[in-house]
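The values are calculated or read from the model by the stated rules, or taken from the named source; none is laboratory data. Since we're looking at a predicted model, the values are computed, not measured. Virtual Cβ from ideal backbone geometry, glycine too; neighbours counted across all protein chains shown.
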Amino acid sequence: MVDKASEALLYAAERGCLQGVKAALKAGADIDYAQPDNEVTGKGTALFIASYFRHTDIMTLLIRKGASMTKRTTMFASAPLHGAVTYEGKTDALELLFRHGATLDIRDCYQRTPLMLACMFGYVDTVRKLIQLGARVDLKDTGPTTAQMYCEKAEEGGNCSRAQKETMVKLIQEARLRCCNPTCGKPGDRSTLKLCGQCKLTRYCSRDCQKQHWTVGHKKSCGHDGYSEPSPLKKLWTSGRIFDFMTYVVPETS
Ligand SMILES: [Zn+2]
Ligand SMILES: [Zn+2]
């Protein structure tokens, strides 16, 4: 049976109708529902769709109501943050997700990060923002292709000019690792920043920053940002006991 309220939620999220989103949630919509056959939005949740269309008022409401930051589309296993990088120079949606604990280097089914997508599209300002926030530039997808290689491809494919590509490559080459606590963002390197012992994807300058990021949302994302089969630890991650074994691992090895 079609879940009318949940379908209405997606419809309202796509059209940017905040009242419609509120009404659908009130009518019992599943906040993380994804349509099985919507090609436009890649079969994503309301948060993915709102991120994709940059309806930040709706995103704020959905996040406040507990929408998942890590539930993927069925098409490319894209997370909301992957959806939010599809506009050049408009970084409000991605910054909003980041402030609420989204992991910058979340992977899709090809192990692509949001930064790789922004490079692929040739979106210089979006690349700049992701790097400012601390996105990692050294990761590879299943290609294996790096963010810098995606910049080369963007120029070859006509997605950006040579000058734009050169700007993106320069940003990548000068990038520094940063503390993943959105209110900190202190630059550092592999010897000074320490990884979350659980997901080994987020890094912090201090224990306090790790705790703050945990509170603003990492507790919901930790362990769900990589794209692979669930590990046996998954039960523990969701049991709320996770802080017991969140330990630092130094130096980063990858
Ligand atoms: Zn910090
Ligand atoms: Zn983690």
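Exactly one residue out of Ile49, Ile31 is β-branched (Val, Ile, Thr), modelled with pLDDT of 95 or more and not assigned by TED's automatic domain parsing to the domain that holds Leu133: that is Ile31. Just one of the numbered conditions (1) in a loop (DSSP other than H, G, I, E, B); (2) touching a strand residue (DSSP E or B) at 6+ places or on another chain (Cβ under 9 Å) is not true of Met116: (1). Pairs meeting the criteria (first residue in region 139-163 and in contact (Cβ under 8 Å) with a residue 24 or more places away in the chain, second residue among the charged types (D, E, K, R) and surrounded by 18 or more Cβ atoms within 10 Å (Cβ to Cβ), beta carbons under 6 Å, at least 6 apart or on different chains) are Asp141/Arg112; Cys151/Lys165; Glu155/Lys165. Tallying residues that are touching a residue at least 40 places away in the same chain (Cβ under 8 Å) and aliphatic (A, V, I, L, M) within region 64-93 yields 5.
With the structure loaded, tell me whether Leu133 is crowded, with 16+ Cβ neighbours inside 10 Å, within 23 Å of Thr70 (Cβ to Cβ) and at pLDDT 95 or above or whether it fails that test. The answer is no for Leu133.
The condition (being at pLDDT 95 or above, more than 25 Å from Asp189 (Cα to Cα) and either of a type in the set (Lys, Arg) or not assigned by TED's automatic domain parsing to the domain that holds Thr202 (or both)) is satisfied by just one residue among Cys151, Cys160, Cys109: Cys160.
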